[in-house]
């Protein structure tokens, strides 16, 4: 059901198609095979661009009380597995409001799988959102291009083709490396660089392709299902063929957590290197920053706009492990290194510095 103010509108079709500007109630009733008792679960899903108020929250609570349960709040990108199973193991999330969306619109959708679930997400139409690791549906005029990246697995290809046919009859299939001559496809996307790291071609033959995430807080390392509160946290991400330590803009002074992340990443690389075609490199992303293209597409919840609350900068603040260790060991820097407050050395927060003389600064 679409929740708008005090109103709840039942969806009769495409019940697994959500829009990021809406609030939804997902009601599921099931009967226990052992006891025969019927139970009901109500999830309240909030799109990242919805304008939810107390009215929508009260409506969700009213619905859940009607079914004798409590509403479970779900944020976009953090959908629980049991809800996704109810939706048929496939979730489509489109941009904007449902009533304004049309299959005739020029649009770009990426098709990704994770732990047996297929996610189809609408993205901004930009070649920087294209990635060799996944499948895509690109709608241009009356043609739907279904593009298979070299790393796309069978479930993604099947879902992409089915979704393409649901958008229109004129479907053109393109295979990366074999059908790169379609001028309209590349004319719409542009000829800038896209996420086409060499390692993606190993994805279809790799047993475990699910990225792993840990948050490092209060000097503890905890596995998590999704990235949350990115601006204030230090996260470690295993992307199978490369590792990333992502330092939030408000976490840049958390030297101990950063040090622990670097150490754990190095130890994990040692453990998995023998199972990889090469030793995975470790990169450190210090926010605010643009994201490496392959990392940005690897995880649904990595949105450059949301992780850079003050705006996406024009630069990428990327360090090697050795550079990161060097930064957090140092206690003084020349003023030249501090000329850009958005590119301060790792281990330093703008509000926690004191200046000495004319050339040095020391973290307080």
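Note the listed values (1) -0.27, -0.60; (2) -0.22, -0.51; (3) -0.19, -0.45, then indicate which one is log10 I(q)/I(0) by the Debye sum over Cα atoms at q = 0.06, 0.09 Å⁻¹ calculated from this particular structure.
(1)
Report the label-to-label distance for residue 103 and residue 336 in nanometres (one decimal), using points 7 Å from each Cα along the Cα→Cβ vector.
6.1
Counting DSSP beta bridges in the chain, what percent are antiparallel, to the nearest 5?
70
Using label points projected 7 Å from each Cα along Cα→Cβ, tell me how many nm separate residue 74 and residue 29, to one decimal.
1.9
For 232, 213, 258, which order do you get if you count the other beta carbons within 10 Å of each Cβ and list the fewest first?
By the 10 Å Cβ count, ascending: 232, 213, 258.
So, how do all the Cα-to-Cα distances of segment 2-87 break down into 5 Å bins, in percent, from 0 on up?
Each 5 Å bin holds this share of Cα pairs: 3, 14, 25, 26, 19, 8, 4, 2, 0.
Could you sort 117-129, 265-277 so that the peptide with the highest average Cβ count within 10 Å comes first and the rest follow in order?
Highest to lowest by the protection proxy: 117-129, 265-277.
Neighbour counts of other C-beta atoms within 10 Å: give me 45, 101, 333 arranged from fewest to most.
So the ranking, lowest neighbour count to highest, is 101, 333, 45.
Could you grab the relative contact order for segment 2-87? Cα pairs under 8 Å, six or more apart, rounded to a whole percent.
Answer for segment 2-87 is 30 percent.
Could you work out which residue, out of 249, 12, 53, moves most in a Gaussian network model of the chain, that is, has the largest mean-square fluctuation with Cα springs under 10 Å?
Highest fluctuation of the listed residues: 12.
Which FRET efficiency, nearest 0.05, do residue 114 and residue 175 yield, Cβ-Cβ r, R0 25 Å?
0.65
Could you give the angle, 0 to 90 degrees to the nearest 10, between helix 255-272's Cα long axis and the longest principal axis of the Cα atoms of the chain?
Once rounded, one gets 70 degrees.
Based on the Cβ-Cβ distance of residue 232 and residue 279, what FRET efficiency does E = 1/(1 + (r/R0)^6) give at R0 = 35 Å, to the nearest 0.05?
For R0 = 35 Å, the calculated efficiency reads 0.65.
May I ask you to sort 228, 31 by Cβ crowding, counting other Cβ atoms within 10 Å and putting the fewest first?
So the residues, fewest neighbours to most, are 31, 228.
Per DSSP helix of 4 or more residues, -39500 (n - 2.57); summed, then divided by the residues of the chain. What does that give at 222 nm, rounded to the nearest 500?
Helix-only estimate at 222 nm: -6000 deg cm²/dmol.
So, in nm, how far is label residue 13 from label residue 343 when the simple model puts each one 7 Å beyond its Cα toward the Cβ?
Here the modelled spin labels are 5.3 nm apart.
Over 20 Å, how big is the tail of the calculated P(r) for segment 219-364, in percent of all Cα pairs?
48
Quote to one decimal, in nm, the extra length available between residue 127 and residue 250 on full extension: 0.36 nm per residue of separation minus the C-alpha distance between them.
That pair, residue 127 and residue 250, stretches by 41.3 nm at full extension.
Throughout, read-outs are computed from the coordinates displayed, never taken from laboratory work. Note that the structure is a prediction, hence the values are computed from the model and not measured. All Cβ positions, glycine included, derive from the backbone under ideal geometry; neighbour counts span all protein chains shown.
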